[in-house]
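Pasting in a structure now, in structure tokens, and then I'll have a few things to ask.
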Amino acid sequence: MLADALLRSVAGTTALLRVTGANADTSQSEVGLVATTFAEVVVSPVVMRKLRPTWQQDGEPKWELLVSATGVQQQISALDIASAESLFSVTLAVTVSGKDYLIESVSSSEAFGQVYLYRLLLREGGRQNL
């Protein structure tokens, strides 16, 4: 709860995770006859910051998204997903303030064996990257 309060106090906002839905495991879905479904999952509170230019590779700006573990846990329960790693692995894009980003890596911070914060390293996801 302390991480939630901290993220909210520094102008925390919400992020939308665009995730793929689960299709029925049939032969029709294997050959693409059943359309893939997508859902937008709201996660809050989050804080986004631009990383220093010295951390940029290939001239692309990098961003760090700090996500509350309780917000992620609520969505894991609602979507009936096994873990946060599973949620982030089915995430196609992250939308913050109307702009899309792609996840490059995910790490977590723990205290007393409990995750309290997820850190997502993002890059801008223009039309050519999606």
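The values are calculated or read from the model by the stated rules, or taken from the named source; none is laboratory data. Since this is a predicted model, take the numbers as computed values, not measurements. Cβ atoms come from the backbone with ideal geometry, glycine included; neighbour counts cover every protein chain shown. These area figures cover heavy atoms from the full protein model, side chains too; ligands, DNA and RNA do not enter into them. Shrake-Rupley method; radii C 1.70, N 1.55, O 1.52, S 1.80 Å.
For the range 68-130, state which trypsin sites (Lys or Arg not before Pro) are in a DSSP loop and have at most 10 other beta carbons lying within 10 Å of their beta carbon.
Numbers: sites: Lys99, Arg119, Arg123, Arg127; in loops: Arg127.
When the trypsin sites (Lys or Arg not before Pro) of the range 68-130 are filtered for loop state and at most 10 Cβ neighbours within 10 Å, Arg127 remain.
Let me ask something else about it. For a quick protection proxy, order the peptides 102-111, 86-95 by their average other-Cβ count within 10 Å, most packed first. Display every interim value, and only then the final one.
On the way: 102-111: 12.9, 86-95: 17.4.
Top to bottom by mean Cβ count within 10 Å: 86-95, 102-111.
At a 10 angstrom cut-off on C-beta neighbours, averaged per residue, how do the peptides 66-74, 42-50 rank from highest to lowest?
Details: 66-74: 19.9, 42-50: 17.3.
Descending mean neighbour count gives 66-74, 42-50.
Might you tell me the accessible area per residue for the range 55-107, computed with a 1.4 Å probe and given in Å²? Kindly include the intermediate steps, with their values, before the conclusion.
Values: 2760 Å² over 53 residues.
It amounts to 52 Å² per residue over the range 55-107.
Figure the gain on full extension for Thr36 and Thr70 (residue separation times 0.36 nm, minus the Cα-Cα span) and round it to one decimal in nm.
On the way: separation 34, 0.36 × 34 = 12.24 nm, distance 2.82 nm.
Once the chain is fully extended between Thr36 and Thr70, it gains 9.4 nm.
Compute the distance in nm between two label points, each set 7 Å from the Cα along the Cα-to-Cβ direction, one at Arg52 and one at Ser107.
Simple spin-label model gives 1.4 nm for this pair.
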